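What follows is a short report on a single structure.
The values are calculated or read from the model by the stated rules, or taken from the named source; none is laboratory data. A quick note: this is a predicted structure, and the numbers were derived from the prediction, not measured. We place every Cβ from the backbone using ideal geometry, glycine too, and count neighbours over all the protein chains shown.
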Amino acid sequence: MKINHDRLSDLLQRAYSAEKAAAFAYQGHAGSLRSPEKKQAVRQIEEDEWNHRREVLKIMQVYNIPISKYYEFRFHVIGKIISYSCYVIGWFMPYFFAGKLESGNVCEYFRMIHYFHELDIRIHDEILYEMGIKEKEHEVYFLEQIRQAKWLPFFEKVFHWGATYSANDIDLDHKYPVDQSDRYCKKN
Ligand SMILES: [Fe+2]
Ligand SMILES: [Fe+2]
């Protein structure tokens, strides 16, 4: 089955490749950490991203959406650069930029739900919801790691993400159920 929704197809292709960039970045991030627990936590997040990539691909295959060679190349390079940089930029920035990135990724999955609904397709709601919530959990985890850091207020001001700014409107303590998940990310 083919779908006629360019923005949705593009978003799926981007997400598929960006998940690889995230997974690569977390390999470097985990490698740069000393604490075994923190290393393990970031490895688990890397594993989540590989899972997301597999799930996004499954959806793409339903609608014969090809993998974008351009995005695959671009995000491969980006992921590797971030991965190596984690060893040289100190402990704070990898957490900060991971959190900021995750914050933006959350709504990509809810936006896919919106787009699918425009086509009257609801069969992917659950998995997309699950992935969006997982990205939110990642965001919260990274924020918790730097909440007390002295650099956070400065970075928060400059990059508009941190203890008071988020790029999404998900509150893990008060979640909407799956069938109301199109209420999320309306503004984004
Ligand atoms: Fe992900
Ligand atoms: Fe994530």
**Message:** Against the conditions (1) in contact (Cβ under 8 Å) with a residue 40 or more places away in the chain; (2) within 16 Å of ligand 2 (Cβ to nearest atom); (3) more than 19 Å from ALA23 (Cβ to Cβ); (4) outside any loop (DSSP other than H, G, I, E, B), where does GLY132 fall short? Just the number, please.
**Reply:** (3)
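Yes or no, residue by residue, for (1) free of Cβ contacts under 8 Å to residues at least 40 places away in the same chain; (2) of a type in the set (Ser, Thr, Tyr); (3) over 27 Å from TRP91 (Cβ atoms):
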{"position": "PHE116", "(1), (2), (3)": "no, no, yes"}
{"position": "HIS138", "(1), (2), (3)": "no, no, no"}
{"position": "TYR141", "(1), (2), (3)": "no, yes, no"}
{"position": "GLN148", "(1), (2), (3)": "yes, no, no"}
{"position": "LEU152", "(1), (2), (3)": "no, no, no"}
{"position": "ILE170", "(1), (2), (3)": "no, no, no"}
{"position": "VAL178", "(1), (2), (3)": "no, no, yes"}
**Complete:** Counting only residues in the stretch 98-120 that are in contact with an Asp or Glu (Cβ under 8 Å, 6 or more places away or on another chain) and aromatic (Phe, Trp, Tyr), the one surrounded by the fewest Cβ atoms within 10 Å (Cβ to Cβ) is identified as PHE116
**Item:** TYR95 vs. criteria surrounded by fewer than 19 Cβ atoms within 10 Å (Cβ to Cβ), in contact with a helix residue (DSSP H, G or I) (Cβ under 6 Å, 6 or more places away or on another chain) and either small (Gly, Ala, Ser) or more than 25 Å from LEU12 (Cβ to Cβ) (or both)
**Value:** no
**Request:** Check VAL77 against each of (1) part of a helix (DSSP H, G or I); (2) touching a residue at least 24 places away in the same chain (Cβ under 8 Å); (3) among the aliphatic types (A, V, I, L, M); (4) away from ligand 2 (no atom under 13 Å from the Cβ) and name the one condition it does not meet.
**Result:** (2)
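Does GLU135 satisfy the condition of being modelled with pLDDT of 95 or more and surrounded by fewer than 17 Cβ atoms within 10 Å (Cβ to Cβ)? Before you say what the answer is, go through the steps one by one.
On the way: modelled with pLDDT of 95 or more: yes; surrounded by fewer than 17 Cβ atoms within 10 Å (Cβ to Cβ): no.
No; evaluated as a whole, the condition is false for this residue.
Could you tell me which of the residues ILE123, ILE67 is among the β-branched types (Val, Ile, Thr), surrounded by fewer than 16 Cβ atoms within 10 Å (Cβ to Cβ), closer than 26 Å to GLN180 by Cβ and more than 15 Å from ligand 2 (Cβ to nearest atom)? Lay out the reasoning, then the answer.
On the way: ILE67 fails: closer than 26 Å to GLN180 by Cβ.
Only one candidate qualifies: ILE123.
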